[in-house]
Every structure is written in C-alpha cells, then in structure tokens.
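Here's the structure, in structure tokens; my notes come after.
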Amino acid sequence: MTPLQLQGIGMTSQRTRDRLITRLKEKGIKNQQVLEVMANTPRHLFIDEALSHKAYEDTALPIGYGQTISQPYTVAKMTEIILAAGELDNVLEIGTGCGYQTLVLSQLVRRVYSVERIEPLQKKAKERMQLLRVNNVRFQHSDGNWGWPDEGPFDAILSCAAPETIPMDLVSQLKIGGRLLMPVGPDGKQMLHLLIREEDGVTKKIIEPVNFVPMLSGTQK
Ligand code: SAH
C-alpha cells in the first residue's frame, strides 16, 4: 500500500475525514481518543473502490454477501460506550465484516478477538490488517452466538449483528465488570443493549434504537 492510498486524496482526503469527525461531534460523540482514531482510520480501504467517494459520509454501505460496513456514528458510539469502563485488555467483536470496526478497536484496546460467520469477508478483513501492519487482532471463522470461550473471559463483547434475544453464552464469557454491547430485536425494531456483569448478576440498560444486519446461525464458506 502506498502512502498516498493510505492517506487518500479528494473525497478520501484528510479534509473530508475531518468533516466526518465534526459531524460525529455534532451527533454527541465526546471521547477524544475515539474521535482521533476515527480521524486517522482509512475507511475508504474497507469498501469497494466504486463507493470510495462515499467512504467518509456518515452512512452504512454495502460490502457484499448482503452485509454492510457500519455507519461511522454507530462505530464511534459503540466504541465510546465500551471504553467508558476504563482500560480494556481484551475485547471480543462479533461480526468482523470488512474489519473497519476491528481496526478502530485495535487502536484503543490491547487485544481484539473477532469472529465472523462468512469466511470470504473475514479473509479479506485479515488481508487488510496485514497490509496495515496491525498485529493485535486474532480472527476466527465461527458462529458468534457461541462467543470465543477459549479466549474469554473478556473485558467487553461488542456485536455488530442483531439477535432476537441475547445469547446467554456471551454473558458467561464476560469478566466481572465486563460489558456486553449489542443490538437486539427484529428488523426495524432493534435497540442497542448494554449488559454489565456484576458479582451477583447482570445490570441492563437500553441505549437507543439502531439498525444492524441480523445475527444468523451457523457458518458460510
Ligand atoms: N464490523 C463491521 C460490520 C459488519 S456487519 C464494520 O466494521 O462495519 C455484521 C457482520 O456480522 C456481517 O459481516 C455478518 O456476516 C456478521 N454476522 C452475522 N451473524 C453472525 C454470527 N452469528 N456470527 C458471526 N458473525 C455474524
């Protein structure tokens, strides 16, 4: 990858990226670290070249296989919520997709574990991480409904796909004080849920309405 490709020009330039950051601030994102990381993360490298002029608009975009790259506001909001717990050692991401959220997380937490059920999407995400020389992310092609028990417990689990009900296996893979952040509910009626595992149970908070792809079962080659 050349420095110019990384940096971007025209509709992918730093100036265009900074406009997105202004927009995120207007929408209520306050965490300075998150804003800085997002200003420096090349989102245009995560989507098809034909769409790269839209890379720094605050919208979800198609990435193939019927999936989408998340809206930047959503990525910022979710990252801000899990970081509110303090320094994070390990985070599990469910739904690697193109790897954009993975790359944002990798710059803010010590280790990221990311699972994806569609193999070719994850393969591409992995290649992007190699090109960008990111080395604190581990990937697994698997069904995120089961989490990643061998690597848990986690400080946080973040899902980019919405189940109809929260898979309880995931709660058991949280550390005490750990946070599970995920969209829950059927299409058009999803709410972002935050669960915090306590010594003697779980506290639950509903954050805001969201719009994610559904969490499906099983894997796809
Ligand atoms: N994190 C991405 C968003 C990806 S969209 C970004 O940064 O933009 C959500 C992803 O979740 C899709 O790629 C979809 O295939 C995946 N997904 C859906 N159900 C899943 C499951 N049960 N296990 C793992 N991944 C799943």
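Just a few scattered comments:
- Looking at segment 1-61, the accessible area is 59 square angstrom per residue; that uses a 1.4 Å probe and ignores ligands, DNA and RNA.
- In degrees, nearest ten, helix 72-83 long axis to first principal axis of the chain (Cα): 40 degrees
- FRET efficiency for M11 and A39, using Cβ-Cβ distance with R0 set to 25 Å, rounded to 0.05: 0.95
- The radius of gyration of the Cα set in segment 59-209, together with its Dmax, comes out at 14.3, 44 angstrom.
- Pair K221, L131: separation of 7 Å Cα→Cβ label points (nm): 2.6 nm
- Surface share of carbon and sulfur [accessible, 1.4 angstrom probe, percent] for segment 84-221: 48 percent
- Trypsin sites (Lys or Arg not before Pro) within segment 151-189: DSSP coil, no more than 14 neighbouring Cβ in 10 Å: K189
- Helix 119-131 vs. the chain, principal-axis angle (Cα, 0 to 90°, nearest 10): 60 degrees
- Alpha carbon convex hull of segment 1-53, projected area averaged over orientations, nm²: 3.9 nm²
- Sites E198 and D89, calculated FRET efficiency, Cβ-Cβ separation with R0 25 Å, nearest 0.05: 0.85
- Virtual spin-label span in nm between S142 and D18, 7 Å along Cα→Cβ: 4.4 nm
- Tilt relative to the chain, helix 14-26 - C-alpha long axis, 0 to 90 degrees, to 10: 40 degrees
- Per-selection Kirkwood Rh - segment 19-130 (Cα, Å, 1 d.p.): 14.3 Å
The values are calculated or read from the model by the stated rules, or taken from the named source; none is laboratory data. Here the structure is a predicted model, which means the values were calculated and not measured. No Cβ is skipped: glycine too gets one built from the backbone with ideal geometry, and neighbour counts run over all protein chains shown. Only protein heavy atoms, including side chains, enter the accessible area calculation; ligands, DNA and RNA are left aside. Shrake-Rupley method; radii C 1.70, N 1.55, O 1.52, S 1.80 Å.
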